[in-house]
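Accompanying notes for the structure given below.
The values are calculated or read from the model by the stated rules, or taken from the named source; none is laboratory data. What you see is a predicted model; the values in this text were computed from it and never measured. Cβ placement follows ideal geometry from the backbone for every residue including glycine, while neighbour counts extend to all protein chains displayed. Surface areas here come from the heavy atoms of the whole protein model, side chains and all, with no ligands, DNA or RNA. Shrake-Rupley method; radii C 1.70, N 1.55, O 1.52, S 1.80 Å.
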Amino acid sequence: MNTKTEIKIYDTPILLAESMAAGFKKICDEVILKKGKINIALSGGNTPKLLFEVLAENYRNEIDWRSVNFYWVDERCVRPDDSESNFGMTEKYLLNKIEIPVENVHRVSGENEPEEEAIRYSQVLKENLTIENNFPRFDLTLLGMGDDGHTASIFPDQMEILDSNEICAVAVHPVSGQKRITLTGRVINNSDRVYFLVTGKSKSDIIKIIFEEKNGYLNFPAAHIELTNGELNWYLDKEAFGQSG
Ligand code: 6PG
């Protein structure tokens, strides 16, 4: 792992979420002061729910939400009101509870034809974000890791998405066959800061393999998140780190 990688371990998922929420506010304040706005890429799944709840509860009036722009790391190809929608989850846990202008919320239209939507969303990112190293650069990217070592919607059987020259790609969930739209590895690795939020025992075996760089660790997409010029932070709870009690 490179020198700009930090690992923090928390006793519980809620302590992790509280610490991340405090860090999130600090990053928003700093970036907004410097640039007038912040561009953030959010992940879906279950892990961010606690963070979103803490932000909605404790930071409703503490963050300048008018200057925050949300984008998505990945989206499932479903309608926004589907229980599988990453946007829908974020709306429920965070967006409906804060005063963020609707034009600051740049969702992936999961209901559209996936290939066309990947092209449209790439264009949205090109138009709204700073381009560095030929790719859009997020100020902050939040990632999760699946039990199979995937991150964003880059799965172990679609490793080519890590090195793609595109900004967005269409991925297919290896078990359910669900189509997804995802940022490619190069866009994620071009971020200013990435925070991996990983909790639960089911993640501990792969975390150990990746952290100890055991044989085959590069078969897991999450192991390929190495920032070109930025800070990588892993926030884990004890269980994901393989400690119990
Ligand atoms: C998604 C994701 C995905 C997620 C991991 C972890 O749409 O599912 O963005 O990459 O972050 O699968 O998911 P959990 O937080 O539910 O474990």
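A few remarks follow.
- Residues (touching a residue at least 40 places away in the same chain (Cβ under 8 Å) and open to solvent by less than 60 Å² (accessible area, probe 1.4 Å)) located in region 94-123: L94, I98, V108, G110, P114, E117, A118, Y121, S122
- Note on region 1-46: residues that are of a type in the set (F, W, Y) and either more than 23 Å from M89 (Cα to Cα) or open to solvent by 50 Å² or more (accessible area, probe 1.4 Å) (or both) total 1.
- Test result for A22, within 19 Å of the chain's Cα centre (by Cα), in a helix (DSSP H, G or I) and of a type outside the set (S, T, N, Q): yes
- When S244 is tested against (1) of a type in the set (S, T, N, Q); (2) part of a loop (DSSP other than H, G, I, E, B); (3) open to solvent by less than 20 Å² (accessible area, probe 1.4 Å), just one condition goes unmet, and that condition is (3).
- Any hit, region 173-192, residues being in contact with a helix residue (DSSP H, G or I) (Cβ under 7 Å, 6 or more places away or on another chain) and exposed (fewer than 15 other Cβ atoms within 10 Å of the Cβ): yes
- Residues within region 85-106 that are in a loop (DSSP other than H, G, I, E, B), more than 13 Å from the ligand (Cβ to nearest atom) and within 17 Å of the chain's Cα centre (by Cα), tallied: 2
- Going through (1) under 30 Å from A171 (Cα atoms); (2) within 16 Å of the chain's Cα centre (by Cα); (3) more than 15 Å from the ligand (Cβ to nearest atom); (4) of a type outside the set (K, R) one by one, G44 falls short only on (3).
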